[in-house]
Amino acid sequence: MRKTTTRTLTTAAGVVASVLLAAAPAGAAPTWQTVSTNSNWSCAPTVVHSAKAGVGFQACLVRNAGDDAQTVLVVVNNSGSGVTISGTVTSDFAAAASCSTYTLPAGERRGCFGTTAHVPDCQYGAGLPDPEEQVYGGAVRLTVNGVANSMNSPKTDCVPV
């Protein structure tokens with residue numbers, strides 16, 4: 001009886017965990033992760049943060065072939081010591097994300113990924129801007145040792161329909 005009860009509980013726990021993981025939103029969590037860029041990435045130039053020489057950051061926009069996109073806050077610490085960072089990532093097409101507080105060691109590069117969402121379709125008709133003017137982007141705010149700096153990401157075009 002004990003083996004059957006244990007097996008049943010183990011199976012039930014596995015099913016519950018699977019359901020919870022399947023219900024998680026698409027895209028990366030707003031934690032600091034290793035960054036690996038490719039041709040889908042478009043990034044603003046790196047700017048040195050005003051709070052610490054050697055700490056650079058940039059706003060990137062990542063768009064895939066399925067026309068889903070997300071804004072990413074990328075930080076590199078080229079200073080001689082660790083820094084405490086946090087931030088926010090927003091976009092014109094997705095929900096905002098808060099980036100957790102993290103101690104970024106010297107010599108490391110990390111990214112905080114915003115919410116992934118479909119880029120809006122182009123709208124056509126009288127009174128609407130031309131599709132070439134229907135562009136979407138995002139913004140990032142990086143806090144280093146309690147001081148916040150912000151920048152905008154590059155823009156991407158609407159999805160032609």
Near GLN58, within a Cβ-to-Cβ distance under 14 Å, what is the net charge of the other residues, with Lys and Arg +1 and Asp and Glu -1? +3
Positive minus negative residues near LEU73 (Lys, Arg vs Asp, Glu; Cβ under 13 Å): +3
Potential extension, GLN123-ASP67 segment - 0.36 nm per residue separation minus Cα distance: 18.6 nm
The percentage of the accessible area of the range 107-161 (probe 1.4 Å, all protein chains present) made up of carbon and sulfur atoms, to the nearest whole number, is 50 percent
Tell me the label-point distance for the pair ASP157, ASN78, using the 7 Å Cα-to-Cβ offset, in nm and rounded to one decimal. 3.4 nm
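The values are calculated or read from the model by the stated rules, or taken from the named source; none is laboratory data. Owing to the predicted nature of the structure, the values given are computational and were not obtained by experimental measurement. Positions of Cβ are backbone-derived with ideal geometry, glycine not excepted, and every protein chain shown enters the neighbour counts. Note: areas computed on protein heavy atoms with side chains; ligands, DNA, RNA excluded. Shrake-Rupley method; radii C 1.70, N 1.55, O 1.52, S 1.80 Å.
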